[in-house]
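Colleague: Structure incoming, see below.
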């Protein structure tokens, strides 16, 4: 017994395991003090948003001309710019640009892209700015779609639904700066917009500094309903994720802190069934292929060609879908591709051309992919068989890859498909890429 007591006395004490301490908060300098928008309200909400994420500790300056010129900025990992007003002066601008060049991140919010026309360094940071060609429609709710899922800010991020805001259009590409669009929205003519797809969030670099720029976040003075733009939890999550990436290059912000579901990778196929025939947009003999929520296709079975590609939604209406009489399914979301030309020809070695019309045979599934099947009748009872398998391949922007296998071509023959361009298909396997870029320089 005595030995047992001694052993107990010298037995090690094992403490209960404790969770690791949270990471240190990221120091942020929020720059405000002048704006044609309600900066008193916006700056307050942006501070709440960043600090609620539990990732940031925010310092606010309402006098950037002094702070940026005289203070030691090395403590800050990211500058959040909620400012649109007079220039800061040579010393402040020089120190700001130098710290970004060295690696301090930047976040640009809404009207901050209106500021500092002619300051080349700042214009290089924002890449797109409100200049002479810019405008916006009325304040309204609209969906904001993810167009690049291969970035830490948007990896697995669902589209923003019914976000209330002002939708900028016609921004000018500044200083030839390279940039990458992450989110975009359709500027509807109904809302007095352009009818085009407009960028809503983008990223770029200035030296070693990472820059996140969102055109969202409109709050007008003395118009309380517009405050919804930045109190929308979807906007708050986007701002926190963008700021964290600008500061660290990574994103760990938990959506649950804003009352949103945990971000997860979107389903590979957004609807079931994901391939079917229907009348789409009042067009008969349409074959819809829903590759994922960012790439929807519509083929015309009458001529065996792609006639539409878009990102976003398919409105399922009609008796088959919702018991209503009359309506038919409609395409919605981001319009990527609507070719004006389509046709098939056989090119012979002697340079003669034979116009042919393929026949739709149907489709089959192989290894989780769809294979569309066409046939082209030849003289003498011969047939050319064409299999097409489309897939969404994202490389920083939406890319549609169309894989073809052609069988039955004669020697020294090729098959030409005209579908938004002329593409040459030969016996065996071929691949066509359609790259849909939002990097347009509005004139």
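Colleague: For residue 235, are the conditions met, namely being within 18 Å of residue 141 (Cα to Cα) and within 16 Å of the chain's Cα centre (by Cα)?
Modeller: Details: within 18 Å of residue 141 (Cα to Cα): yes; within 16 Å of the chain's Cα centre (by Cα): yes.
Yes; evaluated as a whole, the condition is true for this residue.
Colleague: Mind checking which pairs have a first residue in the stretch 281-299 that is outside the structural domain of residue 388 (by TED's automatic domain parsing) and a second that is surrounded by fewer than 23 Cβ atoms within 10 Å (Cβ to Cβ) and at pLDDT 90 or above, Cβ under 7 Å, 6 or more apart or different chains?
Modeller: none
Colleague: Check residue 197 against each of (1) under 17 Å from residue 336 (Cβ atoms); (2) surrounded by fewer than 19 Cβ atoms within 10 Å (Cβ to Cβ) and name the one condition it does not meet.
Modeller: The failed condition is (2).
Colleague: Of all residues in the stretch 114-138, how many are surrounded by 19 or more Cβ atoms within 10 Å (Cβ to Cβ) and closer than 20 Å to residue 192 by Cβ?
Modeller: So in the stretch 114-138, the residues surrounded by 19 or more Cβ atoms within 10 Å (Cβ to Cβ) come out as 114-116, 122-130, 136.
Applying the additional criterion that residues be closer than 20 Å to residue 192 by Cβ yields 114, 130, 136.
Count: 3.
Colleague: Here is a further query. Does the stretch 134-149 hold any residues that are modelled with pLDDT of 95 or more and assigned to a loop (DSSP other than H, G, I, E, B), and which are they?
Modeller: Within the stretch 134-149, 134, 137, 138, 139 meet the criteria.
Colleague: So, one more: Kindly indicate which of 279, 262, 287 is part of a strand (DSSP E or B) and surrounded by fewer than 16 Cβ atoms within 10 Å (Cβ to Cβ). Can you show your working first?
Modeller: Details: 262 fails: part of a strand (DSSP E or B); 287 fails: surrounded by fewer than 16 Cβ atoms within 10 Å (Cβ to Cβ).
Of 279, 262, 287, the one residue that is part of a strand (DSSP E or B) and surrounded by fewer than 16 Cβ atoms within 10 Å (Cβ to Cβ) is 279.
Colleague: Something else: Quick check on my filter: what residues within the stretch 395-415 are buried (at least 16 other Cβ atoms within 10 Å of the Cβ) and either under 22 Å from residue 335 (Cα atoms) or in contact (Cβ under 8 Å) with a residue 60 or more places away in the chain (or both)?
Modeller: Quick first cut of the stretch 395-415, residues buried (at least 16 other Cβ atoms within 10 Å of the Cβ) only: 397-400, 402, 404, 406, 409, 413-415.
Scanning the stretch 395-415 gives 397, 398, 399, 400, 402, 409, 413, 414, 415.
Colleague: Looking at the stretch 190-211 only, could you name the residues that are in contact (Cβ under 8 Å) with a residue 60 or more places away in the chain and part of a strand (DSSP E or B)? Steps first, answer last, please.
Modeller: Of the stretch 190-211, the ones in contact (Cβ under 8 Å) with a residue 60 or more places away in the chain are 197, 199, 202, 204, 206-211.
The answer is 197, 199, 202, 204, 206, 209, 210, 211.
Colleague: Any residue at all in the stretch 64-81 that is within 23 Å of residue 218 (Cβ to Cβ), in contact (Cβ under 8 Å) with a residue 40 or more places away in the chain, surrounded by fewer than 20 Cβ atoms within 10 Å (Cβ to Cβ) and out of contact with any helix residue (DSSP H, G or I) (no Cβ under 7 Å at 6 or more places or on another chain)?
Modeller: In the first step, residues of the stretch 64-81 are kept if they are within 23 Å of residue 218 (Cβ to Cβ); the result is 64, 78-81.
Next, only the ones that are in contact (Cβ under 8 Å) with a residue 40 or more places away in the chain stay: 78-81.
Cutting the leftovers down to surrounded by fewer than 20 Cβ atoms within 10 Å (Cβ to Cβ) gives us none.
No, because not a single residue in the stretch 64-81 is within 23 Å of residue 218 (Cβ to Cβ), in contact (Cβ under 8 Å) with a residue 40 or more places away in the chain, surrounded by fewer than 20 Cβ atoms within 10 Å (Cβ to Cβ) and out of contact with any helix residue (DSSP H, G or I) (no Cβ under 7 Å at 6 or more places or on another chain).
Colleague: Of the residues 242, 217, 311, which single one is modelled with pLDDT under 90 and either within 30 Å of residue 40 (Cα to Cα) or not in a loop (DSSP other than H, G, I, E, B) (or both)?
Modeller: Details: 242 fails: modelled with pLDDT under 90; 217 fails: modelled with pLDDT under 90.
That would be 311, the only listed residue that is modelled with pLDDT under 90 and either within 30 Å of residue 40 (Cα to Cα) or not in a loop (DSSP other than H, G, I, E, B) (or both).
The values are calculated or read from the model by the stated rules, or taken from the named source; none is laboratory data. What you see is a predicted model; the values in this text were computed from it and never measured. Quick reminder, even Gly has a Cβ in these numbers, built from the backbone with ideal geometry, and neighbours come from all protein chains shown.
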